[in-house]
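No value in this document is a laboratory result; all are computed from the given coordinates. Nothing here was measured: the structure is a model prediction, and the numbers come from that model. Here Cβ is always computed from backbone atoms with ideal geometry, including for glycine, and neighbour counts include all displayed protein chains.
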Amino acid sequence: MTAGRVKSIILLLLALILTATACADFGSATARPETAAEPTAPTATAPTAVTTAAPPVVPTNAPTPTPTAAPEPTATAPTAVTTAAPEPTAAPTPTIAPTPVSAGNIGRRLSEYLSDQANGQSVGARAARLNGGEYHNACVYTVSEALRRIGCDIPMATSYTATLKRQLLDRGFKIHRDLQELQAGDICFTTDAEGNADGIPTHTFIFLSWAGPDTANIFDNQIYDYSSHYHTRSLSLTYLDQQPDRPKDAMAFFMRHP
């Protein structure tokens, strides 16, 4: 391309540029109003909310509750608070006066009661039970039980000759030593094992009647020696079946209620 041709093209381009510029200036001047209006604030358009329909609620039958039995209440006892009580002070043992024996001839009533051997058997059986089922060493139990049957309040625990003697004295019985004055129903006591009349008697029995000059019909516990509660006994020292190791001590005294 020649230089002249290039020059022509450039000039043409410049002319086009100038013409475009002039047209632009003219359009701007005619479009602008006399009073500039304040720019209008763009109107805010809230976005349209898209409402999604909730799915229909299908009623579901609630499960029927299964009743559960309430547990049985457990009774819980309140824990007691134990307060140790002070040791009680032992009261002094009162002295009880014996009950007076009822009026009447005690010996006569006793002998009349024992005249029925069924009564005597009952007395002996009861005495043995009080003595643990044994007739041996039950003479005091036997005499005491017979006295209780006619109203004398001899304690059932009485089991010793010296104790029975004291119980009788406390109830008004008197000691007698003249054996010839024995009467039915008198309470008899022997000597001690050494033959002392003032010692602790080894045996006691009830006099019922005379069987001979020195022999009495008596009632006692020695059924194991005589096969009966009713038998005879010498008032002097003797030996059963002449055996030295089986003495029957002599009678020392008797007691009678006035």
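A few points about this structure:
- Residue in region 192-224 that is nearest to residue 110 (Cα to Cα), counting only those that are of a type in the set (Val, Ile, Thr) and under 51 Å from the mean Cα position of the chain (by Cα): 206
- Applying the criterion of being part of a strand (DSSP E or B) and of a type in the set (A, V, I, L, M) to the residues of region 203-229, the residue that is farthest from residue 151 (Cα to Cα) is 211.
- Of everything in region 230-258 that is part of a loop (DSSP other than H, G, I, E, B) and touching a residue at least 24 places away in the same chain (Cβ under 8 Å), the residue that is farthest from residue 203 (Cα to Cα) is 258.
- Filtering region 107-143 to residues that are of a type in the set (Asp, Glu) and either over 22 Å from residue 163 (Cβ atoms) or touching a residue at least 40 places away in the same chain (Cβ under 8 Å) (or both) leaves 112, 116.
- Exclusive hit being of a type outside the set (Asp, Glu), crowded, with 19+ Cβ neighbours inside 10 Å, in contact with a strand residue (DSSP E or B) (Cβ under 8 Å, 6 or more places away or on another chain) and touching a residue at least 60 places away in the same chain (Cβ under 8 Å), set 218, 187: 187
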